[in-house]
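Let me begin by handing over the structure; questions about it come next.
We did not get these values from a lab; they are worked out from the coordinates using the rules stated. Predicted model only: the values in this text are computed from it and were never measured. Cβ: placed from backbone, ideal geometry, glycine included. Neighbour counts: every protein chain shown.
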Amino acid sequence: MSAYQDLIAYQRETEALAQVAGRLGWDQETVMPRGAAPQRAEEMGAIEAVLHARRTDARIGDWLAAVDEAALDDAGRANLRLIRRSYERNVKVPADLASEIARVTSRAQGIWAVAREDEDFAAFAPTLEKVVSLRRQEAQALAAGGDLYDALLDDYEPGATGAALEAMFAALRPRLVELRAGVLAAEAPPPLDHGFDEAGQLALSRELAAVFGYDFDHGRIDKAVHPFSSGSGLDVRITTRTSARDPFNCFYSTIHEVGHATYEQGVDRHHLLTPVGGGVSMGVHESQSRIYENQLGRSRAFTGFLYRRMRDVFGDFGVATEEDFYKLVNRVQPGYIRTEADEVHYNLHILMRFDLERAVISGDLKVADLPAAWNERFEADFGVAVDKPSNGVLQDVHWSVGLFGYFPTYTLGNVYAGCLHRALRAAVPDLDDQLARGDATAATGWLRENLQRYGGLREPRATVEKACGFAASEAPLLEYLEEKFAALYAV
Ligand code: ZN
């Protein structure tokens with residue numbers, strides 16, 4: 001066998017074990033008996049240790065050195081590039097630092113949860129300082145004199161840099177702040193005021209998943225506290241949740257996770273369990289979930305279909321017309337919490353987290369000064385003062401588990417979704433007629449054909465550019481938001 005074949009066989013075995021670990025995680029969040037937690041922690045620890053040893057095995061370095069790259073096709077070269085990048089990252093971080101990060105961040109999440117419950121940032125600050133210090137050490141090992149934040153960002157969005165994102169976000173921020181002010185000056189529709197039974201929500205969420213192309217032969221939907229998508233290839237599962245007063249939580253989180261899951265299901269099968277065989281980056285992944293959820297799922301055309309189906313399932317729920325329903329689904333209201341934010345507010349949440357975490361990692365902002373910096377920025381962009389830490393700096397889990405560099409991929413996903421939506425509209429001129437009938441086949445087919453099937457074949461930006469036929473920028477997202485909400489709120 002050639003060095004490449006040896007390398008790929010080894011890699012497939014590692015990826016198979018990683019999928020097993022992921023399925024244990026899925027099990028833990030869905031059906032695991034409560035009393036199993038301590039044993040499960042040991043099971044997960046054991047498999048993570050095996051995975052870490054395999055990913056840093058010196059044989060990978062030998063195979064990489066021996067591969068005849070000229071003999072490979074495009075997929076082979078892409079696999080090689082991805083394996084080399086991950087191997088080089090893994091060996092640059094000293095083993096004791098990697099295990100210290102794993103140990104500290106697994107404890108930090110519990111300390112953060114208690115501090116948030118108690119509205120006590122000071123109780124969390126020493127732990128967060130430790131997490132920041134460890135991630136900075138990791139970034140120093142990876143960056144070799146380069147930018148620390150970029151080194152962390154590279155884990156989630158290869159090729160992205162803090163400077164490039166800063167420029168993109170600087171173009172978004174003033175126009176989003178202006179749009180927000182205009183929308184909030186207009187009258188918002190009243191909130192939904194009705195009860196919705198769980199069985200109806202779960203049945204309709206399964207129907208929506210099927211509409212957006214989710215393959216139930218290679219996936220399943222279960223209930224969990226937090227909606228997520230897990231797995232890749234032939235077994236991609238999602239979870240959802242219900243809320244008696246807010247069925248949109250169930251429906252739109254399902255459509256969001258279906259976007260992630262169909263991406264994983266949609267990669268060409270011959271890449272199965274190889275590095276090319278999954279989504280290319282967090283940002284591109286998020287573009288799939290966002291275009292399904294927002295540009296398609298919250299469109300006037302599709303909400304007309306959803307309105308009719310909800311009337312079939314739940315009867316009259318106090319919304320008189322499709323037009324009123326469309327306004328309700330796209331209701332804009334000020335709020336502190338990122339995960340509850342509407343399309344107008346969402347990216348403003350991310351922009352502030354990006355600036356703050358970048359300053360923390362560079363050393364310009366001390367952890368102790370983070371709450372004050374947060375509150376000041378929030379008031380500037382959202383026009384409201386933060387009332388308590390759980391509505392401010394303590395609201396997200398990310399920093400406690402060391403995820404610095406992750407937040408900007410959410411907005412990057414929205415930006416990419418804006419670009420893909422523009423290209424999709426040009427390719428499928430009667431898209432709205434189809435969506436109004438509850439038919440998303442052409443939309444999801446276009447995404448699969450032009451983006452999803454390639455997996456990690458190209459770098460993230462190139463993946464989006466190949467699908468769109470133009471270079472990605474923030475302009476299509478801004479124009480989409482301004483046009484949609486100007487019409488909705490007569491701004
Ligand atoms: Zn997502």
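Percent of Cα-Cα pairs per 5 Å bin, from 0 to the last occupied bin, for the stretch 266-368, please list those.
Result, from short to long distances: 2, 10, 12, 14, 14, 13, 12, 11, 7, 4, 2, 0 percent.
Where the only charges are on Cβ atoms (+1 Lys, Arg; -1 Asp, Glu), what is the dipole of the chain about its Cα centre, to the nearest 20 debye?
In debye, rounded to 20, the chain gives about 440.
Separate question: In sequence order, what are the phi-derived ³J(HN,Hα) couplings for the stretch 91-103 according to the Karplus relation 6.51 cos²θ - 1.76 cosθ + 1.60 with θ = phi - 60°, rounded to whole Hz, with x for glycine and proline?
7, 6, 8, x, 4, 5, 5, 4, 6, 5, 4, 4, 5
Moving to a separate point now. Given contacts defined as C-alpha pairs under 8 Å and at least six residues apart, what's the relative contact order of the chain, whole-number percent?
Reported relative contact order: 20 percent.
May I have the convex hull volume per residue, in Å³, for the Cα set of the stretch 162-489?
Roughly 135 Å³ of hull volume per residue.
In straight Cα distance, which aspartates and glutamates are under 16 Å from LYS327, not counting same-chain residues fewer than 8 positions off?
Result set, ordered by chain and number: GLU187, ASP193, ASP246, GLU293, ASP342, GLU343, GLU482, GLU483.
So, one more: Which cross-chain or sequence-distant (5 or more) residues have an amide H under 5 Å from the amide H of LYS223, H modelled 1.01 Å from N in plane?
Amide H neighbours of LYS223, under 5 Å, 5+ apart: THR240.
So, one more: Starting at the first residue of the stretch 6-11, write each ³J(HN,Hα) from the Karplus equation 6.51 cos²θ - 1.76 cosθ + 1.60 with θ = phi - 60°, in whole Hz, x for Gly and Pro.
4, 4, 5, 4, 5, 5
Related question: Taking the Cα centre of the stretch 1-52 as origin, work out the dipole magnitude from +1 charges on Lys and Arg Cβ and -1 charges on Asp and Glu Cβ, in debye rounded to 20. If you can, show how the numbers build up before the last one.
On the way: 4 positive and 8 negative charges, 28 e Å.
Computed charge dipole of the stretch 1-52: roughly 140 debye.
At 0.890 mPa s and 25 °C, plugging the Kirkwood radius over alpha-carbon pairs of the stretch 72-214 into Stokes-Einstein gives what diffusion coefficient in µm²/s?
Answer, rounded: 119 µm²/s.
Percent relative contact order of the stretch 1-73, based on C-alpha pairs within less than 8 angstrom and at least six residues apart?
With pairs under 8 Å counted, the relative contact order is 62 percent.
Which entries of LYS223/LYS466; LYS130/LYS388; LYS366/LYS388 show an alpha-carbon separation above 26 angstrom in the structure shown?
Working: LYS223/LYS466 36 Å; LYS130/LYS388 23 Å; LYS366/LYS388 20 Å.
Where the Cα-Cα span goes over 26 Å, the pairs concerned are LYS223/LYS466.
Oh, and also: Computed on alpha carbon atoms, what radius of gyration and Dmax characterise the stretch 3-146, expressed in Å?
In Å, with Rg to one decimal and Dmax whole: 19.0, 60.
Let me ask another. If we restrict to alpha carbons, what Rg and Dmax does the stretch 347-491 come to, in Å?
Rg then Dmax for the stretch 347-491, in Å: 19.0, 54.
Same structure, new question: In what order do THR262, THR161, THR339 fall by count of nearby beta-carbon atoms within 10 Å, going from fewest to most?
THR339, THR161, THR262
May I pose another question? Fewest to most neighbouring Cβ within 10 Å: what's the order for SER86, SER2, SER253?
Ordered from fewest to most neighbouring Cβ atoms within 10 Å, SER86, SER2, SER253 come out as SER2, SER86, SER253.
Note down the relative contact order for the stretch 3-146 as a percent, whole number, built from C-alpha pairs under 8 angstrom at least six residues apart. Let's see the in-between values first.
Values: 61 pairs, mean separation 35.0, N = 144.
Answer for the stretch 3-146 is 24 percent.
Place a point 7 Å from the Cα of PHE216 along the Cα-to-Cβ direction; which residues of the stretch 238-273 have their backbone N under 14 Å from it?
Residues 238 qualify, since their backbone N sits under 14 Å from the label point.
Just to check I understand the Karplus step: with θ = phi - 60° and J = 6.51 cos²θ - 1.76 cosθ + 1.60, what whole-Hz values come out for the stretch 442-457, glycine and proline as x?
Running phi through 6.51 cos²θ - 1.76 cosθ + 1.60 with θ = phi - 60° gives 5, 5, 5, x, 5, 5, 5, 5, 9, 9, 4, 5, 7, x, x, 4 Hz.
Can you put THR463, THR321 in order of Cβ neighbours within 10 angstrom, beginning with the fewest?
Listing THR463, THR321 from fewest to most nearby Cβ atoms yields THR321, THR463.
For GLY402, what is the net charge nearby, where nearby means another residue's Cβ is under 14 Å from its Cβ and Lys, Arg count +1, Asp, Glu -1?
Charge balance in the 14 Å sphere: -1.
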